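Participant: One structure coming up, written as structure tokens, with questions to follow.
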Amino acid sequence: MSSTFKIYNSSAGSGKTYALAKSYIKLLINAKRPEHFKKILALTFTNKAVGEMKERIISMLKLFSSKKNTNNPHPMFFDICTELNISDDVLRKKSKTVLNEIIHNYGAFDISTIDGFKHRIIRTFAYDLKLPVNFEVELDEDYLLTKAIDALISKTGEDKTLTKTLIDFAIEKADDDKSWNIAYDFKKIGTLLLNENDKTHLTGFKEKTLNDFSNLKSRLAKKIEATQDHIIDAASLVLQLLEQAGLEFDDFNRKSLPNYFLNLKLGKFNVKFGAAWQNDLLEDSKLYPNRVTQHIASVIDELQPELKDAFVKTKTLVFNLKFNNAVYKHVTPLSVLNEIQKELDTLKLEENKLLISEFNSIISDEIKTQPTPFIYERLGEKYKHYFIDEFQDTSKMQWQNLIPLIDNALSSTDGDLMLVGDAKQAIYSWRGGDAQQFINLYEDIENPFQIQPEINNLTTNYRSTRTIVDFNNSFFGFISESFFNQNYYKTLYLGSKQQAHNLKDGYVNLSFLDFTTNEERFELYTKRTLDIISSCLENGYQPKDICVIVRKKKEGIAVSDYLTDNGMRVLSSETLLLINSPNVLLLNSILELLVNPTDQKLKLELLNSISKLYPIKDKHEFFAKYINLNVKHFFSELNEFGIELNYNQLVQMPIYEVVESLVRCFGFCKTSTDAYVQSYLDIVFDYENKYKSDILTFLEFFESKKDKLSIAVPGAIDAVSVMTIHKSKGLEFPIVIFPFADLNIYREVDPKVWFPLDIENYEGFNSTLVNYTNDLENYSTIGKDIHEKHKSSLELENINLLYVTLTRAIEQLYIISKKEIDKNGRINDKTYSGLFIKYLLSIKKWADDKNNYEIGVIPKNSNKDNRSEKENQFQFISNSKESHNLKVITRSGLLWNTDQERAIEHGNIIHLLMAMIKTKHDIDLAINSMVKSGQLKMSQINSFKNTIIEIIEHPKLAEYFETDYEILNEKSILTNTGDFLRPDRVAIKNNKATLIDYKTGKAYPKYHKQLNAYANALKNMGYQIEKKLLIYMNTQLIIEEVK
């Protein structure tokens, strides 16, 4: 009997999507009821993968239900019939029934991202978690982090302790020869707050204050000073010992031993370990040259045990010093990080937001411990079947959060679990993905369930030709035997061999370039890439058949630029950036000029952009004519080119209307849609709707995101694709070119690791960040374990990146690497280059005078499609709202020409305005907002403004519109009886509340009763009621105090 817990170990191109879809459909077909799909939860990592899985299942059910499938059935149709032992007719009828049920209940067709499912759980438990029920999920975490950092920096000078900390941070960066740009450094360290791998450590700092960090720093400074003194004393004693024994420095091999102790005595603690003389000392070997006298030799031999002890002692002290220095170096950054976290928490509270990266920790801390039936009851559905795709990218916390739900399903009679993954394609450890937990499951090292898993290894490659499959089998087999330090990872790749389903011949090419400078590197790699592409095109392939895969973004930019300069059509994330469009830059320049009307540089940039759009003969004359005009005349003078811009109108418009009117003025979408301009408009529209922003804040947003904002294009464009390895995962191409294949596997930029601390010796701190260096393994046995684990993770991650790259190709694979052999013939085996060279040596193919290696035969593409692609162009339609001559009436009171309705409308507008006003400084803002939304006419402004000023400046009311009161306008109160009350205004100061309610028309006793109800509710909340005021806003302002 097969297990209800199945693990599919699926190597690249092995048909995992087919296996997933087949297993899912089998559950549907084998179920007694057609709505059984509501009991299935399938989880994956991206919205794209969700869409593909849903499309696959729906399309298969549609195909199975069709009679067209009878004559030539799909392989999956045949497999399901065989495995379920049912007839074709039964499968066809059931498929039709199930498909109909899914289409009519599509919302219950639960294939989701893990983040989407977590969001649903948190939304369900929002009340229990004391979260606002209407909280927003913030996907753009970087932007919110930037706002938090800006808020922190703005406090400089207000808080003395914080100011000192920020100054210390800047000075320490300068001492390390780093940038003075603390905002950049804050952003860099602030990203730790968004990373699941770091959050468990950061929780230990949550209750720490700046004073706590300061105390830790002081204690560390004392430890460091004491350790330095001990080292100097120990070294001085050794030198005295040598002097008393009559020994000279020259009596020792290369003077190394006495120089070591002399450096320590002089306070030069950055000594190196691992030298030959140190090994001789520890192994009791000879420490002196042959030329010394027998007497000197015997003296040194006699002193050697003491020298050895002194060396071991000072080595221990030096590493203790290095460790405390490493901890000290990170105290200030961590204290700043803690303050950024507080600002971020404040910002989330103010904006009613939750970061998507917080989902796992919230569920883990607050929900996971709830009884599983209760969680299901709150979700409204009990899942019996779980499918998890790309399991190797699942984080520890994500998996731990799912285990209780899955365990409950597996404990039932008909529950099951299917995990699909490939540890060789785990390339997301930087965002929490943990390949080791997948290895532990299928190796039966760790199993959270009572049921033993059934392991299914998908070993057939349906993607690549036999030549490419054989090359990858051979190359990664070599890697498994000669590279990894960790046995699990050796076994992982040792068992990765695949059988080729496509028995056609393919082609693999390895070429090695010889260069010394970085400039030569980029020049030679890009030129070789172009040569290969040109050759492939000559062989009948189209640009869209070719993909260039790179490890780093800057390498992709270099390739894209070079190919574009040489006439190639290129599709890459860089070429699709909005900032590559001159039209977008022009629009953005005008927005900047509206905010900074006196900026001459902006004017010049704008004039230069305009000169490229219009036939201007003398640019110098054109610039001279306009550059010194004030901004109003600047815009009006552009009328001579048919550009009708009115500065006064533009500055009063909402930002989207500004941009749309600019698009019309310049005719950017008059004949055909400019995809870049359309995308820019979409971004402006989304940003305005989300943040209710002004031009300045949008410009700040655009500046921070300009390297990421790009247009979306269909995948069928006939162009060479250039992408990073991470973006290529899950994709396939007839031809793959991998330039810059010389990555140093162990090189990282400023790597850091978390190190546990003894809380008694480190002021209550239980962990800290330290730099990842080779010194780490000498700090302690814990340091050695951390060092080895990090090193093994680097090895797996970077070999996995190589595996993903080399398994994308269908027919041809080109690897462009470096001839990385030094003048002594040593191969650098820490790089991809060295691995490729060593592999060729292992199969006896390498020759020092040969730089190009071929495996297989270059295929010709006989299926060349010469048809030109017709791209659908949709006309962009934009008209000013004035041209429609429409008036939108938003208030029913305007529909009836009666005094009563006019009074109602007047009262409604006053209420709306007063709800937006906390202090007198908010008057203009509130009125402008009402005008923009169409709720207030221009002709009504003065009348309503006068009424509001009369209220705010009234002697009995003025103090309640000052800044020293906490103001709550139109805030709901939930009473202990379950009723909702909503007073117009509550002004609170020193726990004393004054209630204000606005009325129009006659006075009624019920108003007193209403105000007293508000007062009672506030009393129950612990407030003292100071006053209860009714304000009647008729022809004359009347204020009544309710007793």
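The values are calculated or read from the model by the stated rules, or taken from the named source; none is laboratory data. Computed from a predicted model, the values in this text were never measured in an experiment. Cβ coordinates were reconstructed from backbone atoms using ideal geometry, including for glycine residues, and neighbour counts include every protein chain displayed.
Participant: Name, by its number, the condition in (1) in contact with a Ser or Thr (Cβ under 8 Å, 6 or more places away or on another chain); (2) modelled with pLDDT of 90 or more that does not hold for Arg219.
Facilitator: Here Arg219 clears every test but (1).
Participant: Which of (1) touching a Gly at 6+ places or on another chain (Cβ under 7 Å); (2) without any contact (Cβ under 8 Å) to a residue 60 or more places away in the chain; (3) hydrophobic (A, V, I, L, M, F, W, C) does Val508 not meet, given it meets every other one?
Facilitator: So the condition that Val508 fails would be (2).
A quick yes/no check of all residues on (1) touching a Leu at 6+ places or on another chain (Cβ under 6 Å); (2) modelled with pLDDT of 85 or more; (3) of a type in the set (Lys, Arg); (4) more than 19 Å from Gln341 (Cα to Cα):
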| position | (1), (2), (3), (4) |
| --- | --- |
| Tyr127 | no, no, no, yes |
| Val133 | no, no, no, yes |
| Glu136 | no, no, no, no |
| Ile153 | no, yes, no, no |
| Lys164 | no, yes, yes, no |
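Participant: Taking the conditions exactly as written (outside the structural domain of Tyr779 (by TED's automatic domain parsing), part of a helix (DSSP H, G or I) and more than 30 Å from Asn181 (Cα to Cα)), does Leu307 satisfy them or not?
Facilitator: Here the answer is yes, as Leu307 does meet what is asked.
Participant: Let me ask you something else. Given (1) free of Cβ contacts under 8 Å to residues at least 60 places away in the same chain; (2) surrounded by 16 or more Cβ atoms within 10 Å (Cβ to Cβ), where does Leu193 come up short, assuming only one miss?
Facilitator: In the conditions (1) free of Cβ contacts under 8 Å to residues at least 60 places away in the same chain; (2) surrounded by 16 or more Cβ atoms within 10 Å (Cβ to Cβ), Leu193 misses (1) alone.
Participant: Follow-up question, since we're still on this one. Of all residues in region 801-831, which are modelled with pLDDT under 95, in contact with a helix residue (DSSP H, G or I) (Cβ under 8 Å, 6 or more places away or on another chain) and polar (S, T, N, Q)?
Facilitator: The one that is modelled with pLDDT under 95, in contact with a helix residue (DSSP H, G or I) (Cβ under 8 Å, 6 or more places away or on another chain) and polar (S, T, N, Q): Asn828.
Results for (1) under 18 Å from Gly783 (Cβ atoms); (2) among the β-branched types (Val, Ile, Thr); (3) surrounded by 12 or more Cβ atoms within 10 Å (Cβ to Cβ), shown as yes or no for each residue.
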residue	(1), (2), (3)
Leu262	no, no, yes
Gly274	yes, no, no
Pro305	no, no, no
Thr314	no, yes, yes
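Participant: Next up: Show the residue pairs meeting these rules: Cβ distance below 9 Å; 6+ apart or different chains; first residue within region 570-585 and charged (D, E, K, R); second residue in a helix (DSSP H, G or I).
Facilitator: Glu574/Lys553; Glu574/Gly556; Glu574/Ile557; Glu574/Ser560; Glu574/Asp561; Glu574/Asn580
Participant: Filter region 424-462 down to the residues that are in a strand (DSSP E or B), buried (at least 21 other Cβ atoms within 10 Å of the Cβ) and in contact with a Gly (Cβ under 6 Å, 6 or more places away or on another chain) and list them by number.
Facilitator: Asn461
Participant: If you don't mind, there's one more thing I want to ask. Mind listing just one residue for me: the one in region 991-1043 that is among the aliphatic types (A, V, I, L, M), outside any strand (DSSP E or B) and surrounded by 14 or more Cβ atoms within 10 Å (Cβ to Cβ) and, of those, farthest from the chain's Cα centre (by Cα)?
Facilitator: The first filter runs over region 991-1043 and keeps only residues among the aliphatic types (A, V, I, L, M), leaving 993, 995-996, 1003, 1011, 1013, 1015, 1017-1018, 1021, 1025, 1029-1031, 1033, 1037-1039, 1042.
Now restrict to residues that are outside any strand (DSSP E or B): 1003, 1011, 1013, 1015, 1017-1018, 1021, 1042.
Applying the additional criterion that residues be surrounded by 14 or more Cβ atoms within 10 Å (Cβ to Cβ) yields 1011, 1013, 1015, 1017-1018, 1042.
Values: Leu1011: 50, Ala1013: 49, Ala1015: 48, Ala1017: 45, Leu1018: 44, Val1042: 56 Å.
So, considering only residues that are among the aliphatic types (A, V, I, L, M), outside any strand (DSSP E or B) and surrounded by 14 or more Cβ atoms within 10 Å (Cβ to Cβ), the one farthest from the chain's Cα centre (by Cα) is Val1042.
Participant: Could you give me the residue pairs with C-beta distances under 6 Å whose first residue belongs to region 921-947 and is more than 15 Å from His906 (Cα to Cα), whose second residue is surrounded by 15 or more Cβ atoms within 10 Å (Cβ to Cβ) and hydrophobic (A, V, I, L, M, F, W, C) wherever it lies, and which are 6+ apart or on separate chains?
Facilitator: Ile923/Ile948; Ala926/Leu913; Ala926/Met916; Ala926/Ile917
Participant: Got at least one residue in region 88-102 being touching a residue at least 12 places away in the same chain (Cβ under 8 Å), in the same structural domain as Tyr24 (by TED's automatic domain parsing), farther than 30 Å from Thr332 by Cβ and outside any helix (DSSP H, G or I)?
Facilitator: Looking through region 88-102, none of the residues is touching a residue at least 12 places away in the same chain (Cβ under 8 Å), in the same structural domain as Tyr24 (by TED's automatic domain parsing), farther than 30 Å from Thr332 by Cβ and outside any helix (DSSP H, G or I).
Participant: Report, by residue number, each residue of region 783-807 that is more than 22 Å from the chain's Cα centre (by Cα), hydrophobic (A, V, I, L, M, F, W, C) and either buried (at least 22 other Cβ atoms within 10 Å of the Cβ) or within 16 Å of Ser480 (Cα to Cα) (or both).
Facilitator: Listed by number, the residues that qualify are Ile799, Leu802, Leu806.
Participant: Give region 731-757 a look and list any residue that's of a type outside the set (Phe, Trp, Tyr), in a strand (DSSP E or B) and over 16 Å from Asn800 (Cα atoms), or say none.
Facilitator: If the condition is that a residue be of a type outside the set (Phe, Trp, Tyr), in a strand (DSSP E or B) and over 16 Å from Asn800 (Cα atoms), then Pro734, Ile735, Val736, Ile737, Lys752, Val753, Pro756 are the ones that fit.
Participant: Checking Ser572 against (1) touching a Lys or Arg at 6+ places or on another chain (Cβ under 8 Å); (2) of a type in the set (Gly, Ala, Ser); (3) crowded, with 17+ Cβ neighbours inside 10 Å; (4) closer than 21 Å to Ile810 by Cβ, only one condition comes out false. Which one?
Facilitator: Of (1) touching a Lys or Arg at 6+ places or on another chain (Cβ under 8 Å); (2) of a type in the set (Gly, Ala, Ser); (3) crowded, with 17+ Cβ neighbours inside 10 Å; (4) closer than 21 Å to Ile810 by Cβ, only one is false for Ser572: (1).
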